[in-house]
1. Only residues that are surrounded by fewer than 15 Cβ atoms within 10 Å (Cβ to Cβ) and at pLDDT below 85: list them for region 452-485, please.
2. Out of curiosity, is F288 in the same structural domain as V185 (by TED's automatic domain parsing), touching a strand residue (DSSP E or B) at 6+ places or on another chain (Cβ under 9 Å) and either closer than 30 Å to D205 by Cβ or not β-branched (V, I, T) (or both)?
3. Please find, within region 406-451, the residue that is surrounded by the fewest Cβ atoms within 10 Å (Cβ to Cβ) out of those that are within 30 Å of A282 (Cα to Cα) and among the hydrophobic types (A, V, I, L, M, F, W, C).
4. Pairs needed: first member in region 500-518, in a loop (DSSP other than H, G, I, E, B); second member anywhere, buried (at least 21 other Cβ atoms within 10 Å of the Cβ) and of a type in the set (D, E, K, R); C-beta distance under 6 Å; at least 6 residues apart or different chains.
5. Just checking, does region 486-498 include any residue being β-branched (V, I, T), surrounded by fewer than 18 Cβ atoms within 10 Å (Cβ to Cβ) and either free of Cβ contacts under 8 Å to residues at least 24 places away in the same chain or within 29 Å of K377 (Cβ to Cβ) (or both)?
6. Here are some conditions: (1) crowded, with 23+ Cβ neighbours inside 10 Å; (2) closer than 30 Å to G118 by Cα. K316 meets all but one. Which one does it not meet?
7. Can you work out which of the residues in region 159-180 that are hydrophobic (A, V, I, L, M, F, W, C) and modelled with pLDDT of 95 or more is surrounded by the fewest Cβ atoms within 10 Å (Cβ to Cβ)?
8. Does Q79 fit the bill of being among the polar types (S, T, N, Q) and modelled with pLDDT of 95 or more?
Amino acid sequence: MANDRKRGLTRRGVMQGLGGATTAAVLGGLTVGTAHAAPARTRYDIKTPQGKAALDLYREAVGKMQALPEGNPLSWNFQANIHAHPHGQAEAIALFNETGVTPAMQTLALGANSDGVGGIWWTCSHDHDTLGGAPADSYATHFTAWHRLYLWHFERVCEAVLGKPFALPYWNYLDLTQLKLPPAVLAETVKIKGKLVDNALYFADRRQEFVDNGLRAIKSDLANTDILARDTMRSKQFFDLSTSNGGFRQGFVTALDGTPHGSVHVRVGTDDGKGMAAFETAARDPIFWLHHANIDRLWESWRAPNAAGASTKDPKAPKAAVWLNRSFTFAGADGAASVKTAATSLSLPGLGYRYDRLQPVGTIAFLAPNAETTLVKVTTVAETATGQGATVAQGNAPVAMTLAPILTDAAVKALARDAGNAFWLVIDVATTKNPRALFEVQVKVKKTATGAATEQKTVQTFNLFNAGMHERHGLGYKTAWQVDLSELVRASKLDLTKPVDVTVKPVGGEAGGLVTISHMRIEAQ
């Protein structure tokens, strides 16, 4: 397949054209099973007996969908293309000349003029450009809502081709015994009823280290803290908050989008940007759907809803009315356009599914509902000097920086004594394209609270997966990655009265000449 980065079908054009309108589509004589509406389908962990059974059904559904022409809304690639696709405009239009594909299907996918405007292909919410309106109207803040509804529609399509109820299983890589997926997902062939057959869940464009060793192989040093998503699950609010120094403190939706979401994408996809490592091809890998079922489960775990499915942490009207009313269009099980608002994503009972188990979330002092407008007061404790920024050199050379204290020793100690303060390392990063790498953040700390000996400690990793969307718009990508250093400060292993040495080490991909780290600071909040 061509990977045309100058394609005419842009996500921005699609979203401007949708405007909540529906586009009718018919199946062109395709015979499928009835989509079932039974309540309370359960999504199971793939390691459970029920999860393994669901994985077998998933394989069957994928195989049937892959047998359909790409222009059919129930086909594997049509569903993947809703997320993003690698086709140029002419190539995309040609897909609808296949037997059994109708003009209505083309209109649903590409819009009335087949230029992407008004179509549902490439409408993924990862893009961090604000498409007009207040920050809560930014399409990026709908990362969790859009993907939840995307998966829900995909399940209904699976049911249609299977002719029976179906719920996606999830890959729980927060269980460190599941960092390596089973052969049922990775093997090129599987045995079904004693016969060796092609495995529909196999996908060629996966990083070999991942296939051989699992997620652990791509992480060096610390024990997968980014996969455990500690900082993400400790988020105190849904939306980002503005800080008093002109920055922001990331909310849950931004944190989850980065870790573990983006981290898993770049670990599974290839160094040369295929498969899960690129927006255009990510949803073609069957792992994508298992991964996103787990991301959805983590959102539900963080929401901690009541029995009716409601959560005090959800965006609320009137302040979040724009967010709640945002509509998204997908392909339904009947092949026609299906429109749902973000508000419908806030109730699993309403969507008719549940999880066998939510991820334990520790006690967190959540902010009151709708505190998204609060300005967070921060104090900069240490920062890098002006002009100290650096671009990663070829060969993924590490970037080392020193943050100098800017407060008096007495002021720093007073901030550290206050148990209500958190200490965040903020790293300003820019890139011209998705480098498909992980970046280990290493901080020099004391080995013991009272000793003088020091060590480099990997405190977190970050990734720039979302740069892929900006790249296709011809835009650079800037973000501020944030790591909670509070535990090191409280344990007296990180003395903020002295200079702090931080190293960013790229792993995999190629960040050389692409990624610039312009500034670092430590903020007390």
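The values are calculated or read from the model by the stated rules, or taken from the named source; none is laboratory data. Owing to the predicted nature of the structure, the values given are computational and were not obtained by experimental measurement. Neighbour counts run over all protein chains shown; Cβ positions are idealised from the backbone, glycine included.
1. Hits for region 452-485 are H473, G474, L475, G476.
2. In short, no.
3. Filtering region 406-451 for residues within 30 Å of A282 (Cα to Cα) gives 426-442.
Remaining after also requiring among the hydrophobic types (A, V, I, L, M, F, W, C): 426-427, 429-430, 437-439, 441.
Values: V426: 22, I427: 23, V429: 22, A430: 17, A437: 28, L438: 24, F439: 27, V441: 23.
Residue satisfying both the conditions and the ranking: A430.
4. G509/R436
5. yes
6. Going through the list (1) crowded, with 23+ Cβ neighbours inside 10 Å; (2) closer than 30 Å to G118 by Cα, K316 breaks only (1).
7. Within region 159-180, the subset hydrophobic (A, V, I, L, M, F, W, C) is 160-162, 166-168, 171, 174, 176, 179.
After this cut, where a residue has to be modelled with pLDDT of 95 or more as well, the list is 160-162, 166-168, 171.
Numbers: A160: 25, V161: 24, L162: 19, F166: 22, A167: 24, L168: 27, W171: 27.
The extreme case among them is L162.
8. Details: among the polar types (S, T, N, Q): yes; modelled with pLDDT of 95 or more: yes.
Yes; evaluated as a whole, the condition is true for this residue.
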